[in-house]
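To start, the structure under review is shown below, and the notes come after it.
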Amino acid sequence: MGVLSMRKYAFFLILVVALCWLPHLSAFDGEDRMLLARTISGMAETEPEQVAQMIGEVALNRAKDSRFPEDLRSVLDDFRQFRRSPTASNRSLMLVDRLLRGERLLPDDVVRFEKRAGRYAFYGN
């Protein structure tokens, strides 16, 4: 095998390894993913998909906002705003994956919500 062939082989090997690890380079680990999915299940399992996604977005927005704790677990431990289900539904796991890919319905400054008369209201700064 020539030097050029070895370099191509090494390059493609590195590329394959990098692509395999790319999904694992998220800012959130598997535990955070499951915690957020359980929160979405606990808060909005019977709500429309958009509402469930927006609740997840509020949690992620809080984790980025300097007025709230900077880690997701601490944000989700605020039981005045969030509650969790003991398990995560397939729908909530799908929604978390969307959120971690960057799909958003709300602006980054929306950090509060409340349920009023059967509807959710979302608030920014």
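The values are calculated or read from the model by the stated rules, or taken from the named source; none is laboratory data. Bear in mind that the values here come from a model prediction, so they are computed numbers and not experimental data. When we count neighbours, we look across all protein chains shown, and the Cβ atoms used for this are built from the backbone with ideal geometry, even at glycine. Surface accessibility is based on the protein's heavy atoms, side chains included, excluding ligands, DNA and RNA. Shrake-Rupley method; radii C 1.70, N 1.55, O 1.52, S 1.80 Å.
Residues in segment 46-54: is at least one more than 17 Å from LEU106 (Cβ to Cβ) and surrounded by fewer than 17 Cβ atoms within 10 Å (Cβ to Cβ)?
Among the residues of segment 46-54, at least one is more than 17 Å from LEU106 (Cβ to Cβ) and surrounded by fewer than 17 Cβ atoms within 10 Å (Cβ to Cβ), which makes the answer yes.
Can you report the number of residues in segment 77-119 which are in a strand (DSSP E or B) and open to solvent by less than 40 Å² (accessible area, probe 1.4 Å)?
Looking only at that region, the number is 1.
Could you tell me which residue of segment 65-75 is nearest to GLY30 (Cα to Cα), considering only residues that are more than 12 Å from the chain's Cα centre (by Cα) and surrounded by 13 or more Cβ atoms within 10 Å (Cβ to Cβ)?
Top of the filtered list is VAL75.
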